[in-house]
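*Asks:* Handing you this structure, nothing more for now.
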Amino acid sequence: GINIDATVKLAQALSIPVIASGGLAGIADIEKLCQVEDDGIEGVICGRSIYSGALDFVKAQARADELNGVT
């Protein structure tokens, strides 16, 4: 999975939004990243998880929208 702790530390050290990358394994990682969005995590690169079928992008986006109160 994504090293969320290190990504949050990076985001907190910068004044620009951070896009997480590397290791996205599935919807659980999307949910964890949504929990730290206020720490400066702007998004995530889905890459291989989509190609391998481990992540359904439409479902992942819908879940992220749900967690972030987007209607």
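*Asks:* Consider the stretch 23-53. How many of its residues are open to solvent by 60 Å² or more (accessible area, probe 1.4 Å), outside any helix (DSSP H, G or I), more than 24 Å from Gln12 (Cα to Cα) and in contact with a Leu (Cβ under 9 Å, 6 or more places away or on another chain)?
*Replies:* Residues that pass the stated criteria total 0.
*Asks:* Listed residues Val18, Val70, Val58; which is open to solvent by less than 50 Å² (accessible area, probe 1.4 Å) and aliphatic (A, V, I, L, M)? Explain how you work it out, then say what you get.
*Replies:* Numbers: Val70 fails: open to solvent by less than 50 Å² (accessible area, probe 1.4 Å); Val58 fails: open to solvent by less than 50 Å² (accessible area, probe 1.4 Å).
The match here is Val18.
*Asks:* Name the pairs: first residue in the stretch 2-26 and farther than 24 Å from Tyr51 by Cβ, second residue surrounded by 16 or more Cβ atoms within 10 Å (Cβ to Cβ), Cβ to Cβ under 6 Å, at least 6 apart or on different chains?
*Replies:* Val8/Val36; Leu10/Val18; Ala11/Val18; Ala11/Gly40; Ala11/Ile41; Pro17/Gly40
*Asks:* Every residue in the stretch 2-15 that is small (Gly, Ala, Ser) and open to solvent by less than 80 Å² (accessible area, probe 1.4 Å), please.
*Replies:* Within the stretch 2-15, Ala6, Ala11 meet the criteria.
*Asks:* Just give me the residues in the stretch 54-71 being charged (D, E, K, R) and part of a helix (DSSP H, G or I), in sequence order.
*Replies:* Lys59, Arg63, Asp65, Glu66
The values are calculated or read from the model by the stated rules, or taken from the named source; none is laboratory data. Remember, predicted model here, so these are calculated numbers, not experimental data. All Cβ positions, even for glycine, are placed from backbone atoms using ideal geometry, and neighbour counts span all protein chains on display. Please note that ligands, DNA and RNA were not included when accessible areas were found on the heavy atoms of the full protein model with its side chains. Shrake-Rupley method; radii C 1.70, N 1.55, O 1.52, S 1.80 Å.
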